Amino acid sequence: MLEILAVAAEAAHGAEEHAEAAAFGIGVLTPGFFVALAMLVVFAIMLKARVPALIAGMLDTRIAEIRKQLDEAARLRAEAEALKAEYEKKAAEADAEIATFMAAAERQAGEIVDKAKADAAALIDRHKAMAAAKIAGAERTAIAEIREKAATAATDAARQLITERHDASADKALVDNAIAGI
């Protein structure tokens, strides 16, 4: 519309020049006059046909479409913000659940370590008891072997002493005493 007004103003300017020329004796029916007259007729037809109202109606329709798109965008943004808040809430819940799982895992790990320490201590005690039993058994075996060797050595020594110190007369006296004791 502004372009049309600019063209009309230019034509009017041309008409002023034409009017000045007519005042100096130049004819009124020049091409500039007809251009100005045609422009005035075009403006009159446009006003009669309500072209500005049609243009305003088209602009109003376009404005309504843009408002509708903006409302849709605002609705979508609200939905997106709601989804974002929901996911942030879920993420916070997941973080809390992870923290709970981590605490439970650390507690279980501590229990496992404590049980392993107790089991290791019990195993060490059992091994100590088994070692003490083996040592005691070895001591008993060694004492029995020493007693056996001592008995054997005493028997051998007694036999040797008896053979060295006893003769046939001493044997006869011993046999007589044994028979008398019966």
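Read the figures in this text as sums done on the coordinates, not as results from a lab. Just so you know, these numbers come straight off a predicted model, no measurement behind them. Every residue, glycine as well, gets a Cβ built from its backbone with ideal geometry; the counts of neighbours run over all protein chains shown.
At a glance:
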read-out: Theoretical gain in end-to-end length, LEU54 to ASP125 [0.36 nm per residue, Cα-Cα removed]; value: 15.1 nm
read-out: Estimated FRET transfer efficiency when R0 is 35 angstrom, pair GLU164-ALA138 (beta carbons, to 0.05); value: 0.40
read-out: Label-to-label distance, nm, for residues given as GLU86 and LYS149 (7 Å Cα→Cβ offset); value: 9.2 nm
read-out: Residues of type lysines that LYS84 reaches as a straight line, Cα spacing below 26 Å, ignoring anything fewer than 8 places off in the same chain; value: LYS68
read-out: Cα-centre dipole for the stretch 50-137 with unit charges at Cβ (Lys and Arg positive, Asp and Glu negative), debye to 20; value: 200 debye
